[in-house]
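Novice: A single structure is presented below for examination.
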Amino acid sequence: LPMAFRDVNARRHIGLQQLSSLAFAGRSLLGPVKSCKFIVDESTNQSTLICSAVRLIESLDLTSAAGQLLNETIQAQNKEFKTGMSTLLFLVGAWSNAVLECVQQNVPVSAIVSVMSEGLNSCCERVQCLQISIHDVNKELCSSSVRPNAFKGKTCQIGCESLLNPQIFLYFQKDISAPEEVIPRNSCSHQGDCNFNKCLVPPLASFGSIASLVKPAGDKSTSVISGSGVTTSSCNKRKLTHSRYFSPLGKSHFSSQQGNFQGYLSGQPADPCGWYGLGHVAMALSHGNQTSMKLLQSIVAYQQERAECSGSSQFNVAEIVTCCFLGLPESYSCVSPGFVTLVSPEQATVIKYFEDKPLRILLMDGDLTEQYRHLGFNRPSNVRTILQYPSLQEGRAGDLWLSSMLDILISFEVNLVLVKGNVCENLMERCIANSILVIGSVTRDVLCAFGEVTSAQPVTYLTQLNAACVRSGAQVELWKACDGRAMDLGELVPVWIKVRGIPLLTAVLTTTVSSKMQLIEDQFWTLVYRLHHALNDKKVFLGGGAVELLCLSHIQMLAEQPLQAANKNAVKEFHNPWLAASVTECKSVVLQALASGWKQYLSVVMCNTAQAASELEACTSIDHHLKKAAECGSPSAYILKEFRRGDLLRGCAGPFADHGEGLKVYDNVTAKTEAWRRALDLVLLVLQTDAEIITGPERNQLLNSHMSSEFMFL
């Protein structure tokens with residue numbers, strides 16, 4: 001090789017080494033079975049439990065340029081997809097090491113960039129055969145023996161209101177052999193912690209199995225609603241024991257509502273897969289996270305019910321919010337219609353006064369402070385205000401603003417104010433004293449949901465308030481756990497704000513371990529967005545390592561292929577046999593380096609799931625599958641057959657592999673391929689930047705142009 005190339009390789013590529021070092025810290029976060037890490041803040045000595053690449057990168061001190069680029073890449077993936085960050089982080093490290101090995105073997109930078117880029121593009125095209133449409137996934141999962149009660153563990157509660165009528169509550173009995181009794185609202189028969197297997201209050205059905213309530217023509221079996229799913233069976237032991245309509249007089253109107261309930265169900269589509277299939281898709285995308293899966297299945301069931309009534313979208317992420325509640329066991333996690341949030345004990349006193357009363361609600365799209373100005377506001381440049389006694393004048397001006405704002409709220413008889421931003425503490429105190437509840441830091445989606453159902457128009461400043469901005473119909477009460485008790489753990493109190501017909505759903509996430517709270521919320525949102533992107537793509541990848549195994553097989557096949565005749569002729573134009581041999585050798589080396597990233601990915605996942613004692617054992621298993629795929633003649637056909645049998649890299653399927661109930665794992669298409677592209681783009685960017693730093697931009701450009709014609713074979 002020319003001396004210039006040797007100069008490049010003689011010096012270290014610091015950027016690639018930094019990427020490799022940072023990515024190594026996230027190896028345990030890869031795959032369905034992750035090993036959590038404690039991140040300790042040295043300044044406060046507080047620790048946080050993290051289990052995602054995003055939280056890991058946010059917690060590290062990234063002072064290097066390569067580290068900051070890595071952070072920006074992961075944040076971009078998180079912002080767009082909310083999934084795939086751990087894959088991105090691992091492949092950055094694996095491909096950084098692979099590229100360093102290529103550089104040490106004197107492979108030119110231009111060859112590495114062109115071959116790896118084209119190799120990844122070829123893989124993305126090749127794995128399209130492993131995509132399966134959501135409709136086909138529904139049909140396959142519905143026809144299999146899998147049912148929503150495949151997991152017998154902890155279940156979750158969806159709130160107490162039905163979409164058809166917010167005052168209809170359904171009660172369920174766990175076992176017909178036990179004495180029949182009505183389970184009171186928000187209460188459980190339990191010992192110790194609340195057992196949600198015994199106290200389920202879904203709107204119509206839970207865990208995405210509404211379709212099983214629909215009886216096919218000629219079927220005389222009875223519809224049965226159970227705590228772990230809704231099934232149609234004449235011999236099922238679980239049954240509906242009571243339904244009560246709470247009227248203002250407290251009378252029961254179950255008989256009158258029962259006809260409407262059954263009539264509504266009779267109007268469902270004949271294809272059951274169209275109804276409870278999404279619940280199964282959520283299960284297949286959960287990768288073994290049962291707590292988040294069952295919360296999401298409850299949300300899917302509720303939203304699908306509403307979709308049939310209103311014709312809206314079947315799954316809407318904008319209608320989902322979370323409320324993280326520290327101090328209760330994780331078994332208390334549930335889904336409640338409406339908006340659940342945390343307030344101070346002082347605000348809770350106002351709520352107790354307002355319970356069971358209709359409130360006049362106001363929505364504010366901004367901060368409720370004196371200094372707040374909307375985005376784009378320009379202060380007059382030719383006006384100066386001179387104060388003789390600044391401190392005294394400012395105090396009087398502040399009191400005047402507080403009094404003015406409070407007078408506006410009182411004059412419009414506002415009881416509840418939802419504010420997108422911050423709220424002035426002094427104004428908050430005055431509002432509490434006047435029985436006005438003000439809640440700050442409310443997301444835009446929540447404001448839109450309340451505005452849509454109440455017709456209240458959001459305002460930026462209280463001075464803009466008019467009669468059209470305030471609407472009635474909201475109700476607020478203290479949020480109650482499944483045992484019927486209102487929760488008050490001292491610092492913060494959960495409250496439940498609801499309006500008849502509001503599409504908003506709140507996932508109440510609970511835990512007794514403060515360092516675990518962020519982890520639970522991250523896992524929930526990851527699963528929500530997996531389902532969201534799967535529905536947007538209208539297709540998913542076969543999971544369990546199937547896609548990565550096909551990429552590995554495809555790249556190894558390309559690396560072993562000799563040059564095509566046309567490319568050989570093109571190389572002969574250089575009249576240099578050494579160049580022709582080096583081109584072939586470089587191509588093979590670079591493609592093998594690209595393949596090593598996916599091989600390391602699969603082996604680490606298998607080790608993390610304890611399906612292999614070491615990476616060597618995992619690599620042996622992978623090589624065995626690669627050999628059988630090559631012998632089959634069609635690697636994709638072999639992988640598809642093994643996936644359907646459940647014998648393909650069982651460790652990559654995570655906890656699902658141990659259930660033996662035909663459960664299959666699927667992955668997002670766009671999120672996965674974009675994670676690959678972002679990882680490789682980052683590695684190649686740092687490689688080229690390092691090369692320019694070592695050799696200088698002009699010399700590096702000269703070297704690239706000198707070698708570009710040798711690598712036109714791709």
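Novice: Does the stretch 292-307 include one or more residues that are outside the structural domain of Trp496 (by the TED database), of a type in the set (D, E, K, R), modelled with pLDDT under 85 and open to solvent by less than 10 Å² (accessible area, probe 1.4 Å)?
Specialist: Yes, the stretch 292-307 contains a residue that is outside the structural domain of Trp496 (by the TED database), of a type in the set (D, E, K, R), modelled with pLDDT under 85 and open to solvent by less than 10 Å² (accessible area, probe 1.4 Å).
Novice: In the stretch 400-433, what residues are open to solvent by less than 80 Å² (accessible area, probe 1.4 Å) and in a loop (DSSP other than H, G, I, E, B)?
Specialist: If the condition is that a residue be open to solvent by less than 80 Å² (accessible area, probe 1.4 Å) and in a loop (DSSP other than H, G, I, E, B), then Phe412, Val414, Asn415, Lys420, Gly421, Cys424 are the ones that fit.
Novice: Have a look at Thr48, Thr73 and point out the one that is touching a residue at least 12 places away in the same chain (Cβ under 8 Å), among the polar types (S, T, N, Q) and crowded, with 21+ Cβ neighbours inside 10 Å.
Specialist: After ruling out the rest, the residue left standing is Thr73.
Novice: Continuing with this model, one more query. Limited to the stretch 538-554, what total is found for residues that are farther than 16 Å from Asp647 by Cβ and in contact with an Asp or Glu (Cβ under 6 Å, 6 or more places away or on another chain)?
Specialist: Residues meeting the conditions: 1.
Novice: Just to confirm my filter: which strands (runs of 3 or more DSSP E) fall fully inside the stretch 436-539 and include at least 1 residues that are open to solvent by 40 Å² or more (accessible area, probe 1.4 Å)?
Specialist: The qualifying strands (runs of 3 or more DSSP E) are 470-478.
Novice: Got a sec? Which of Val99, Val92, Val103, Val33 is within 26 Å of Ser596 (Cβ to Cβ), open to solvent by less than 60 Å² (accessible area, probe 1.4 Å) and modelled with pLDDT under 90?
Specialist: Every option except Val33 fails the conditions.
The values are calculated or read from the model by the stated rules, or taken from the named source; none is laboratory data. Keep in mind it's a predicted model, so treat the numbers as computed, not measured. Every residue, glycine as well, gets a Cβ built from its backbone with ideal geometry; the counts of neighbours run over all protein chains shown. Only protein heavy atoms, including side chains, enter the accessible area calculation; ligands, DNA and RNA are left aside. Shrake-Rupley method; radii C 1.70, N 1.55, O 1.52, S 1.80 Å.
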